[in-house]
Amino acid sequence: MCMCVCGASGAREVSVMGVRGWSSARLGFVVCGYLAFFCGELVPRAEAGCRERESPSCCTGRNNECFEYTKRKTVCYCDTYCQKTGDCCEDYQRVCQISAAIDCVVGSWGPWSSCTSPCGVGSTERSRQVSVPPRNGGTPCPDLKQRRGCFGNNAICSTAKEVAKILPDSFKRNFKDPWRRPHMLMREEKASYCVYLRVKQASAACKLKLWSAQLVRERLVCAECQSDAMSKSDRCGGDGLEGTRTFWAAASVPGCHGSWVRESSSDGCRCPSYSVLFV
């Protein structure tokens, strides 16, 4: 261990010794100077300041917990607020790499998204991006997303409200009308199409008839739209919407009703046996 004590005792010695002792006192100061130099080279200085803090070394804003000790064992701070109070650690600028505070900058708002509900109450949102992130205790970023309510009124909404009337495929008829007069024009026969629907709900009354009892939850049903049941738009009412739950009712079974979701359709086709027909 290297120790060197030079101080007032040497000065007091000069006053007593007079001129004769001056040379020896001066020699003592020189020796102490050399010893102090070598002590500084051989024994490293005590580590202190912001570099001694665990990661992260520095803190943003005012944080009284963000402190360390100086070489003299006094408290100093490593938060950005210390620049205002003047109590930063000596190595604050070097360790924390502090420059002027930079506030957050955001871009303009993007367009509003489409309503989450095509029919009825839903929500829509928009967002914006961060152009310049905050640094060195600058102002934090504001909200980057906004959301508001909306009311969907898509063109399909009126179709979604339709209730399909269905019958078993045993009601298929292919015969000539005996009451038709020769001068009466035959109604134009349109090609039928098939719709495949996944049953989501069926009432208890559906179990009263054999054909309607097959309309159980998660069963895929083929419903055929024939020419007689088509409207002017060449489609059957309530033939469903893909991805949207619509409703149906059994025309010959009182109280039998439910909901389903359209999965696919096929033009110019015939459903297999034990299917249903649109009325």
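We did not get these values from a lab; they are worked out from the coordinates using the rules stated. In this text the structure is predicted, and so the values were computed from the model without any measurement. Here Cβ is always computed from backbone atoms with ideal geometry, including for glycine, and neighbour counts include all displayed protein chains.
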(Q) Suppose the chain between ILE102 and LYS207 were pulled fully straight at 0.36 nm per residue; how much longer would it get relative to their current alpha carbon spacing? (A) 30.7 nm
Q. Which whole-Hz couplings ³J(HN,Hα) result when phi for each residue of region 218-230 is put into the Karplus expression 6.51 cos²θ - 1.76 cosθ + 1.60, θ = phi - 60°, listed in order with x for Gly and Pro?
A. 6, 8, 8, 10, 9, 10, 9, 9, 9, 4, 4, 9, 6
Q | Cross-link partners of LYS161 among lysines (Cα-Cα below 28 Å; sequence separation of 8 or more within a chain) | A | LYS172, LYS190, LYS200, LYS207, LYS209, LYS232
Q) Which cross-chain or sequence-distant (5 or more) residues have an amide H under 5 Å from the amide H of THR244, H modelled 1.01 Å from N in plane? A) ARG262
Q: Given the peptides 119-128, 189-198, arrange them by the average over their residues of other C-beta atoms within 10 Å, most packed first.
A: 189-198, 119-128
